[in-house]
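Before any comments, here is the structure.
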Amino acid sequence: MTLNVEGLVVMAAFYLLILGTGIWASMRSRREEKKWQGDGMEITLLAGRKINLLVGIFTLTATWVGGGFILGIAEATYNPTLGAVWALMPVPYVVTFFLGGFFFAKPMRENNYVTMMDPFQKKYGNFLSNALILPALIADVLWVSRTLVSLGGTMAVILDLSYAYSIIISAVVAIVYTLLGGLYSVAYTDVIQLILIFVSLWVCVPFLLTNPHSLDISLTAYNQTFQAPWVGTVNLDEAGKWFDDFMLLALGGLAYQAFYQRILAASSYTQAQITCFASSAFCLVLGIPSVLVGAVAASTDWNSTRYGLPTPYERGEVGSILPISLQYLTPTYVSIIGIGAVAAAVMSSMDSALLSSASLFSSNIYKNIIRKQASDREMQWVIRISVVVVGLAGAGLTFLDSSVLVFWLVGVDMSYTIMFPQLVCVLFFKQSNGYGATVGFLMGITMRILSGEPLVSLPPVIHFPNCRLDAEGKLTQFFPFRTVIMLGSLVTIIVISWLMAQLFNKGLLPEKWDVYKVKDEQNKPVEERTPEDNEELSVSKQLLDTTSC
C-alpha cells in the first residue's frame with residue numbers, strides 16, 4: 001500500500017474545521033466570561049449553564065456515539081463467536097438516557113452541582129470522596145484510550161498512516177480545542193461532529209450493501225455461509241453473561257461525569273430531561289449503520305477481494321473490521337468519507353472525557369481541598385493541565401491493546417460495579433453514610449478483582465456458577481456476576497449505614513469514634529432540615545417501600 005494522499009487532505013480539512021469551530025467557541029466563552037458575575041469555572045466546565053436545547057441534544061448524543069460505539073458495534077456483529085445480538089450498545093443507551101432523565105437529572109440539576117462528585121463531598125466529606133473519584137478518573141482515561149484506538153486502527157488501514165502518528169495527531173487536536181474553550185468548544189464542535197457522523201455513515205451503507213463481493217445480508221443472517229450467521233445467538237448457558245453486559249452498558253453510563261456535565265449545563269431540569277429523551281432516539285438511529293457494516297463483512301467472500309485470505313477474524317483484526325470493510329468493499333472516495341465519520345466520532349467522545357476528568361480533579365480535589373482560595377485564573381490553568389495529563393495518559397494506554405471492546409467494557413465495568421451503587425445511595429437513600437459507603441466501596445473493588453477479567457488476562461479467584469472456558473480458551477464468568485457485585489455493594493452500603501447509625505444513636509459505640517458524624521445527621525431536628533433533606537427522605541422511603549413489596 002502507498003500513502004493515501006487524497007485521504008490525508010480530506011482528514012486535514014476535517015481537523016482544521018473542528019479546530020476552527022473550537023477556536024470560535026473559545027472566543028464566545030471568553031465573551032461570556034467577561035459578562036459572568038459568578039464563578040468563572042462554571043463558564044469553562046458548564047458553559048455558564050446556558051447550553052441551549054438543540055446543542056445539548058447534539059453534545060450528549062455525540063458523547064455517547066464515539067469511536068468505540070461505531071467500531072465496537074461493527075466488531076461484535078462481525079465476530080463469529082458473538083453476532084448482532086451481542087452488539088448491545090444502542091438499546092442499553094436508550095435505557096441510560098431514560099433513567100437519567102426520569103430519576104437522576106432532577107436531584108443533580110436542581111441542586112446546582114458542578115460535578116457528579118459534589119453530592120459525595122457534601123454528604124461524606126473530602127477523604128472518602130477522593131477515594132471514590134479515583135475509579136471515575138480511571139474510567140475517563142480508559143474512555144480516551146478506546147476512542148483513540150478506534151481512530152488509530154481506522155487511519156492505519158485506510159490512509160496507510162502510522163498507528164502512532166494517527167493517535168498523536170488526533171490527541172493533540174482534541175486537547176488543543178478542549179483547552180481553548182472548555183465546554184463551549186466541546187459542545188459546538190460536537191454539533192459539527194455529529195452531523196458528519198450521521199451523513200458519512202449513511203453515505204457508506206448503500207455502497208457496502210451493493211458491493212459484488214458480499215452476499216445479501218438477509219441470506220446470511222441465519223444461515224452458515226462464509227462464517228456463522230451474523231445475527232448470532234444467545235444460548236441458555238450464555239444468557240447470564242448477555243444480561244450482565246446489557247445491565248453494564250445501561251446503568252454504567254449513569255455513573256459517568258460526562259453525562260452529568262451535559263445535565264448540569266442545561267438551563268433547567270426540564271431542558272435536561274428533554275435532552276436525555278431526544279438523545280436516546282439519535283443513539284438508536286446511529287447504531288444501525290455499524291450493524292450493517294458488520295453484517296456485510298460477515299457475508300463477504302474475502303478471498304475474492306484484494307484483502308484475500310485468511311479472513312480478518314483469522315488474522316485477529318476483528319477490531320478493525322469497519323475500516324477494513326470500507327477499504328476493500330467500497331470505492332476509495334467512499335472509504336475516505338467513512339474515516340471522516342470515525343474521526344468525528346472519536347473527537348466527539350475524547351473531548352468529553354478530557355473535560356470530564358478535568359472537572360473532577362479541578363473542582364472536587366484542587367478547588368475544594370488543595371487550594372480553596374484559588375483564583376479563577378489559577379483554576380483555568382489547573383483545568384488545562386488536567387486536560388493535557390489525561391490526554392497523554394489515555395494516548396499512552398492505546399499502545400497496550402488494539403481492541404476497542406477491551407477499553408470499552410473495562411471502563412464501563414468500573415462505573416457499573418463501583419460507582420453506580422454509590423451514586424444511587426448518595427442521591428436517593430437519606431440513611432446512607434460514610435461507613436456504609438466505605439465498606440461498599442471496598443467490597444465492590446475486592447469482589448470485582450477476585451472475579452477476574454479475561455479481557456485483561458486476570459484469572460478469577462471466585463468461581464461463580466457457570467464459570468468455564470470461552471470460545472477463545474479463556475476462563476470466563478458466564479454468570480451475571482457484575483450485576484451481583486453491584487447489587488451486593490448497594491445492599492452493603494444501606495445495611496452498614498443503618499447498622500452504624502443504630503450503634504452510635506443508641507450509645508453502643510462512643511460518640512468520639514463517629515468520624516462521619518452520623519449521629520448529628522440522624523438526630524437533626526425537623527425544623528433544621530433543608531428541602532433537599534426532606535426530598536431525599538421521601539424518595540428513600542418510596543424506594544424502600546417498593547423493595548419490601
Subset of region 473-498, residues among the aliphatic types (A, V, I, L, M) and at pLDDT below 95, comes to LEU475
Cβ pairs under 8 Å, 6+ apart or interchain, first in region 298-322 and assigned by TED's automatic domain parsing to the domain that holds GLN227 and at positive phi, second surrounded by 18 or more Cβ atoms within 10 Å (Cβ to Cβ) and at pLDDT 90 or above, ordered by first then second residue, are GLY308/TRP302
Verdict on SER497 being more than 23 Å from ALA87 (Cβ to Cβ) and not in a helix (DSSP H, G or I): no
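For every residue, the table says whether it meets (1) within 26 Å of ALA258 (Cα to Cα); (2) within 27 Å of the chain's Cα centre (by Cα); (3) modelled with pLDDT of 75 or more; (4) not in a helix (DSSP H, G or I).
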| residue | (1), (2), (3), (4) |
| --- | --- |
| MET1 | no, no, no, yes |
| LEU8 | no, no, yes, no |
| ALA13 | no, no, yes, no |
| ILE18 | yes, yes, yes, no |
| THR21 | yes, yes, yes, no |
| MET27 | yes, no, yes, no |
| ARG30 | yes, no, no, no |
| GLN37 | yes, no, no, yes |
| LEU46 | yes, yes, yes, no |
Test of understanding: among PRO310, PRO331, which residue is farther than 24 Å from LEU82 by Cβ, over 25 Å from the mean Cα position of the chain (by Cα) and surrounded by fewer than 19 Cβ atoms within 10 Å (Cβ to Cβ)? PRO331
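Residue-wise test of (1) outside the structural domain of PRO92 (by TED's automatic domain parsing); (2) of a type in the set (S, T, N, Q); (3) part of a loop (DSSP other than H, G, I, E, B); (4) buried (at least 22 other Cβ atoms within 10 Å of the Cβ).
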{"position": "MET419", "(1), (2), (3), (4)": "yes, no, no, yes"}
{"position": "TYR435", "(1), (2), (3), (4)": "yes, no, no, yes"}
{"position": "VAL439", "(1), (2), (3), (4)": "yes, no, no, no"}
{"position": "VAL461", "(1), (2), (3), (4)": "yes, no, yes, no"}
{"position": "PRO465", "(1), (2), (3), (4)": "yes, no, yes, no"}
{"position": "THR476", "(1), (2), (3), (4)": "yes, yes, no, no"}
{"position": "VAL484", "(1), (2), (3), (4)": "yes, no, no, no"}
Pairs with Cβ under 9 Å, 6+ apart, first in region 226-245 and under 18 Å from GLU314 (Cβ atoms) and in the same structural domain as MET486 (by TED's automatic domain parsing), second at pLDDT below 95 and surrounded by fewer than 18 Cβ atoms within 10 Å (Cβ to Cβ): none
Flagged in region 63-75 as assigned to a helix (DSSP H, G or I), under 11 Å from the mean Cα position of the chain (by Cα) and among the hydrophobic types (A, V, I, L, M, F, W, C), in numbering order, are TRP64, PHE69
What pairs can you find where one residue is in region 387-408 and in a loop (DSSP other than H, G, I, E, B), the other is modelled with pLDDT of 60 or more and of a type in the set (Gly, Ala, Ser), and their Cβ atoms are less than 8 Å apart, with a gap of 6+ or different chains? THR398/SER145; THR398/GLY152; PHE399/ALA164; SER402/GLY153; SER402/GLY319; SER402/SER320; SER403/GLY319
Look at ILE337 and say whether it is over 17 Å from VAL173 (Cα atoms), surrounded by fewer than 24 Cβ atoms within 10 Å (Cβ to Cβ) and either assigned by TED's automatic domain parsing to the domain that holds GLN227 or at pLDDT below 85 (or both). yes
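Wholly within region 100-192, which helices (runs of 4 or more DSSP H) include no fewer than the required count, namely at least 3 residues that are touching a residue at least 12 places away in the same chain (Cβ under 8 Å), more than 29 Å from LEU248 (Cα to Cα) and more than 20 Å from the chain's Cα centre (by Cα)?
Numbers: elements: 105-110, 118-124, 126-158.
In region 100-192, the matching helices (runs of 4 or more DSSP H) lie at 126-158.
The values are calculated or read from the model by the stated rules, or taken from the named source; none is laboratory data. These numbers come from a predicted model, not from an experiment. Note: ideal-geometry Cβ built from the backbone for every residue, glycine included; neighbour counts use all protein chains shown.
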